[in-house]
1. If r is the Cβ-Cβ distance from Glu174 to Phe113 and R0 is 25 Å, what FRET efficiency results, to the nearest 0.05?
2. Find the relative contact order for region 1-124 and round it to a whole percent, using C-alpha pairs within less than 8 Å whose residues are 6+ positions apart.
3. Would you kindly find the accessible area of Ser74, with a 1.4 Å probe and non-protein molecules such as ligands, DNA and RNA excluded, rounding to the nearest 10 Å²?
4. Testing the spin-label approximation: label points 7 Å from Cα along Cα→Cβ at Glu49 and Lys186. State their distance in nm.
5. If DNA, RNA and ligands are ignored and the probe is 1.4 Å, what is the ranking of His57, His75, His166 by accessible area, most exposed first?
6. Report, to two decimal places, the Cα Rg of region 98-179 normalised by 2.2 N^0.38 Å (N = number of residues).
7. Which loop-located GluC sites (Glu not before Pro) does region 118-186 contain, where loop means any DSSP state but H, G, I, E or B and the Cβ has at most 16 other Cβ atoms within 10 Å?
8. Mind putting a number on the dipole of the chain about its Cα centre? Charges go on the C-beta only, +1 for Lys and Arg and -1 for Asp and Glu, and I need it in Debye to the nearest 20.
Amino acid sequence: HAVLKAMDEVPREEFVEAGTRDEAYEDVALPIACGQTISQPFVVAYMTEQLQLRPHHRVLEIGTGSGYQAAVLSHLAAEVVTVDPFRTLADRARLRFKRLARDNVEVLTADGFDLPDQVGHFDRIIVTAAMEEVPAPLQDRLSRDGLLLAPVGPQTGVQVLRRIRHRGSEFVTEDLLEVRFVPALKGIARQL
(Lines give C-alpha, C1' and ligand atoms only; values in the text may rest on other atoms or scores of the structure.)
Protein backbone atom coordinates (compact mmCIF):
# COMPACT_ATOMS: atom_id res chain seq x y z
CA HIS A 1 0.00 0.00 0.00
CA ALA A 2 1.79 3.10 -1.32
CA VAL A 3 0.54 5.66 1.26
CA LEU A 4 1.50 3.55 4.28
CA LYS A 5 4.88 2.76 2.70
CA ALA A 6 5.49 6.49 2.14
CA MET A 7 4.53 7.26 5.76
CA ASP A 8 6.84 4.49 6.89
CA GLU A 9 9.72 6.15 5.01
CA VAL A 10 9.21 9.54 6.69
CA PRO A 11 10.64 9.75 10.24
CA ARG A 12 7.78 11.59 11.99
CA GLU A 13 9.95 12.34 15.03
CA GLU A 14 11.96 14.70 12.78
CA PHE A 15 8.84 16.85 12.28
CA VAL A 16 7.63 17.32 15.86
CA GLU A 17 8.92 19.65 18.57
CA ALA A 18 11.64 18.26 20.86
CA GLY A 19 9.27 18.07 23.83
CA THR A 20 6.76 15.86 22.00
CA ARG A 21 9.14 13.34 20.37
CA ASP A 22 7.88 10.56 22.66
CA GLU A 23 4.41 11.06 21.16
CA ALA A 24 5.56 11.29 17.53
CA TYR A 25 3.95 7.99 16.53
CA GLU A 26 0.74 8.27 18.55
CA ASP A 27 -2.38 8.93 16.50
CA VAL A 28 -2.80 12.49 17.75
CA ALA A 29 -2.25 16.01 16.45
CA LEU A 30 0.69 17.70 18.19
CA PRO A 31 1.55 21.38 18.71
CA ILE A 32 4.37 22.93 16.67
CA ALA A 33 5.79 26.47 16.46
CA CYS A 34 3.69 29.54 15.60
CA GLY A 35 0.55 28.12 17.26
CA GLN A 36 0.14 25.51 14.52
CA THR A 37 -0.16 21.71 14.70
CA ILE A 38 1.11 18.57 12.96
CA SER A 39 -1.94 16.52 11.96
CA GLN A 40 -2.57 13.10 13.44
CA PRO A 41 -1.16 10.25 11.30
CA PHE A 42 -4.66 8.91 10.46
CA VAL A 43 -5.66 12.27 8.93
CA VAL A 44 -2.39 12.51 6.97
CA ALA A 45 -2.88 8.96 5.63
CA TYR A 46 -6.56 9.52 4.81
CA MET A 47 -6.00 12.83 3.03
CA THR A 48 -3.03 11.46 1.10
CA GLU A 49 -5.09 8.44 0.02
CA GLN A 50 -7.98 10.67 -1.12
CA LEU A 51 -5.63 12.61 -3.42
CA GLN A 52 -5.23 9.50 -5.62
CA LEU A 53 -1.62 10.45 -6.41
CA ARG A 54 0.34 9.20 -9.40
CA PRO A 55 4.16 9.32 -9.70
CA HIS A 56 4.05 12.05 -12.41
CA HIS A 57 1.82 14.45 -10.43
CA ARG A 58 2.70 18.00 -9.44
CA VAL A 59 1.20 18.79 -6.02
CA LEU A 60 0.49 22.06 -4.21
CA GLU A 61 0.14 22.05 -0.43
CA ILE A 62 -1.32 25.08 1.34
CA GLY A 63 -0.06 25.04 4.94
CA THR A 64 3.45 23.55 5.22
CA GLY A 65 3.44 23.50 9.01
CA SER A 66 6.16 21.08 10.11
CA GLY A 67 6.58 19.75 6.57
CA TYR A 68 5.43 16.24 7.47
CA GLN A 69 2.53 16.05 4.99
CA ALA A 70 4.73 17.41 2.17
CA ALA A 71 7.45 14.86 3.02
CA VAL A 72 4.88 12.04 2.70
CA LEU A 73 3.62 13.50 -0.60
CA SER A 74 7.20 13.75 -1.90
CA HIS A 75 7.46 9.94 -1.86
CA LEU A 76 4.35 9.60 -4.06
CA ALA A 77 4.53 12.51 -6.53
CA ALA A 78 7.06 14.00 -8.94
CA GLU A 79 7.04 17.49 -7.42
CA VAL A 80 5.60 19.13 -4.30
CA VAL A 81 5.28 22.89 -3.84
CA THR A 82 4.34 23.74 -0.25
CA VAL A 83 3.33 27.18 0.99
CA ASP A 84 3.21 28.64 4.51
CA PRO A 85 2.61 32.18 5.75
CA PHE A 86 5.04 31.68 8.67
CA ARG A 87 8.68 32.20 7.67
CA THR A 88 9.81 30.25 10.78
CA LEU A 89 7.84 27.16 9.72
CA ALA A 90 8.88 27.44 6.06
CA ASP A 91 12.57 27.79 6.99
CA ARG A 92 12.47 24.85 9.42
CA ALA A 93 10.66 22.65 6.88
CA ARG A 94 13.20 23.58 4.20
CA LEU A 95 16.02 22.42 6.52
CA ARG A 96 14.22 19.14 7.26
CA PHE A 97 13.74 18.41 3.54
CA LYS A 98 17.40 19.11 2.91
CA ARG A 99 18.48 16.84 5.80
CA LEU A 100 16.18 14.07 4.52
CA ALA A 101 17.23 14.62 0.87
CA ARG A 102 13.68 15.37 -0.31
CA ASP A 103 14.89 17.26 -3.39
CA ASN A 104 11.47 17.30 -5.08
CA VAL A 105 9.93 19.64 -2.48
CA GLU A 106 9.94 23.43 -2.87
CA VAL A 107 8.94 25.56 0.13
CA LEU A 108 7.51 29.06 -0.36
CA THR A 109 6.80 31.65 2.34
CA ALA A 110 3.60 33.01 0.82
CA ASP A 111 -0.11 33.57 1.22
CA GLY A 112 -1.90 30.43 0.06
CA PHE A 113 -4.92 32.58 -0.84
CA ASP A 114 -2.85 34.80 -3.14
CA LEU A 115 -0.19 32.83 -4.97
CA PRO A 116 2.07 34.37 -7.60
CA ASP A 117 1.11 33.41 -11.18
CA GLN A 118 4.45 31.75 -11.85
CA VAL A 119 3.72 28.84 -9.51
CA GLY A 120 1.49 27.53 -12.29
CA HIS A 121 -1.04 24.69 -12.27
CA PHE A 122 -1.19 21.44 -10.31
CA ASP A 123 -2.57 17.93 -10.69
CA ARG A 124 -3.37 17.85 -6.98
CA ILE A 125 -3.92 20.54 -4.33
CA ILE A 126 -4.14 19.77 -0.62
CA VAL A 127 -5.07 22.37 1.99
CA THR A 128 -4.05 21.52 5.54
CA ALA A 129 -5.82 24.37 7.35
CA ALA A 130 -9.51 25.18 7.70
CA MET A 131 -11.04 27.55 5.14
CA GLU A 132 -14.60 28.84 5.24
CA GLU A 133 -14.81 28.24 1.50
CA VAL A 134 -12.38 27.21 -1.21
CA PRO A 135 -11.40 30.37 -3.10
CA ALA A 136 -12.04 30.26 -6.86
CA PRO A 137 -8.44 31.32 -7.71
CA LEU A 138 -7.19 28.24 -5.86
CA GLN A 139 -9.59 25.93 -7.73
CA ASP A 140 -8.45 27.56 -10.96
CA ARG A 141 -4.90 26.29 -10.27
CA LEU A 142 -6.12 22.73 -10.88
CA SER A 143 -5.07 21.05 -14.11
CA ARG A 144 -7.73 19.24 -16.10
CA ASP A 145 -8.88 16.14 -14.13
CA GLY A 146 -7.10 17.59 -11.07
CA LEU A 147 -8.23 17.08 -7.48
CA LEU A 148 -8.34 19.56 -4.62
CA LEU A 149 -8.78 18.48 -1.00
CA ALA A 150 -9.57 21.00 1.76
CA PRO A 151 -11.15 21.17 5.23
CA VAL A 152 -14.10 23.53 4.68
CA GLY A 153 -16.20 25.10 7.41
CA PRO A 154 -16.05 27.43 10.40
CA GLN A 155 -12.60 28.49 11.63
CA THR A 156 -13.33 26.96 15.04
CA GLY A 157 -15.03 23.64 15.60
CA VAL A 158 -15.69 20.99 12.99
CA GLN A 159 -15.05 21.24 9.25
CA VAL A 160 -15.85 18.80 6.47
CA LEU A 161 -13.08 17.43 4.28
CA ARG A 162 -14.16 18.38 0.76
CA ARG A 163 -12.78 16.90 -2.46
CA ILE A 164 -13.22 18.95 -5.62
CA ARG A 165 -12.51 17.39 -9.00
CA HIS A 166 -11.90 19.48 -12.13
CA ARG A 167 -13.97 17.69 -14.77
CA GLY A 168 -14.02 19.28 -18.19
CA SER A 169 -15.28 22.82 -17.62
CA GLU A 170 -16.86 22.18 -14.21
CA PHE A 171 -15.90 21.38 -10.64
CA VAL A 172 -17.52 18.36 -8.98
CA THR A 173 -17.66 18.52 -5.17
CA GLU A 174 -17.83 15.64 -2.71
CA ASP A 175 -17.82 15.78 1.11
CA LEU A 176 -15.75 13.01 2.72
CA LEU A 177 -15.58 13.21 6.54
CA GLU A 178 -15.59 15.59 9.49
CA VAL A 179 -12.21 16.97 10.60
CA ARG A 180 -10.73 19.66 12.83
CA PHE A 181 -7.94 21.89 11.53
CA VAL A 182 -6.35 25.14 12.63
CA PRO A 183 -7.62 28.14 10.60
CA ALA A 184 -6.01 29.04 7.29
CA LEU A 185 -4.45 32.49 7.56
CA LYS A 186 -4.60 35.14 4.87
CA GLY A 187 -1.46 37.16 4.20
CA ILE A 188 2.08 36.49 5.38
CA ALA A 189 2.84 36.49 9.11
CA ARG A 190 4.83 39.59 10.12
CA GLN A 191 7.43 38.56 12.67
CA LEU A 192 7.22 34.78 12.51
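The values are calculated or read from the model by the stated rules, or taken from the named source; none is laboratory data. What you are looking at is a predicted structure, and each value in this text was computed from that prediction instead of being measured. Quick reminder, even Gly has a Cβ in these numbers, built from the backbone with ideal geometry, and neighbours come from all protein chains shown. Calculation scope for accessible area: heavy atoms of the full protein, side chains included, ligands and nucleic acids excluded. Shrake-Rupley method; radii C 1.70, N 1.55, O 1.52, S 1.80 Å.
1. So, using R0 = 25 Å, E works out to roughly 0.65.
2. Relative contact order, region 1-124: 23 percent.
3. 10 Å²
4. 3.5 nm
5. Accessible-area ranking of His57, His75, His166, largest first: His75, His166, His57.
6. That works out to 1.18 for region 98-179.
7. Taking region 118-186 and a limit of 16 other Cβ atoms within 10 Å, the loop GluC sites (Glu not before Pro) found are Glu132, Glu133.
8. With Lys and Arg at +1 and Asp and Glu at -1, about 360 debye.
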